[in-house]
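No lab work stands behind these numbers, since they all come straight from the coordinates. Bear in mind that the values here come from a model prediction, so they are computed numbers and not experimental data. A quick note on method: Cβ atoms are made from the backbone with ideal geometry, for glycine too, and the neighbour counts reach across all protein chains shown.
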Amino acid sequence: MRRSSSGISPVVATVILVAIAIVIAIAVAFWASGLVGVFTRFEKIEITAVYWEDNHFTLVVKNTGSAAATIDDIYVNGVPLGGSGTSWGISSGSTYLTPGATAVLTVNSAPGGSFTSGVTYEIAVHTSSGKLYPASAMKP
């Protein structure tokens, strides 16, 4: 008895193996890019304006990063003012800033008292991730 010895030609087998390898490579690339996107998100707060208005400093802040940021404190000359309350507050927006969101903060008092005319203050926004974003402004 003689068996038929016909099978897949080596060229067709090679084409099939290459096609399978390409499909697997594309699937791995999509999977890896999804993982990279998750791990490369970052917060970045930009203070776009700081100015004296009436009896307080006003800060306009924007989250230009790719992850949400939560403002949890304001520092004046390196001294934390504590959570939002009488020392500082939000006049527009929220302390939780999604990417692209803007908020307007008011800083009502300096540590240990009021602001002095002619003095430049370093006012920094502190986020829950531990980052500090400073800006300087002078009370006229």
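Overview of results
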quantity	calculated
Within-12-Å neighbourhood charge of Leu81 [Cβ basis; K, R +1; D, E -1]	-2
Percent RCO, i.e. relative contact order, over the stretch 76-137, from Cα pairs under 8 Å lying at least 6 residues apart	31
Sequence-separation-based contact order of the stretch 1-80, relative, with Cα cut under 8 Å and 6+ spacing, percent	20
For the stretch 108-120, 3J(HN,Hα) per residue [Karplus equation, 6.51 cos²θ - 1.76 cosθ + 1.60, θ = phi - 60°, Hz, x = Gly/Pro]	8, 8, 8, x, x, x, 9, 7, 9, 5, x, 9, 8
Alpha-carbon Debye profile of the chain, log10 I(q)/I(0) at 0.16 Å⁻¹	-0.82
Separation of the Leu17 and Tyr96 label points, Cα + 7 Å toward Cβ, nm	5.5
Folded to 0 to 90 degrees: helix 10-39 orientation relative to the chain principal axis, Cα	10
Average Cα contact separation per residue, the chain, under 8 Å, 6 or more apart, as relative contact order %	22
Potential extension, Ile24-Asp54 segment - 0.36 nm per residue separation minus Cα distance	4.4 nm
Candidate lysines for bridging to Lys44, where Cα separation is under 25 Å - those fewer than 8 sequence places away on the same chain excluded	Lys62, Lys131
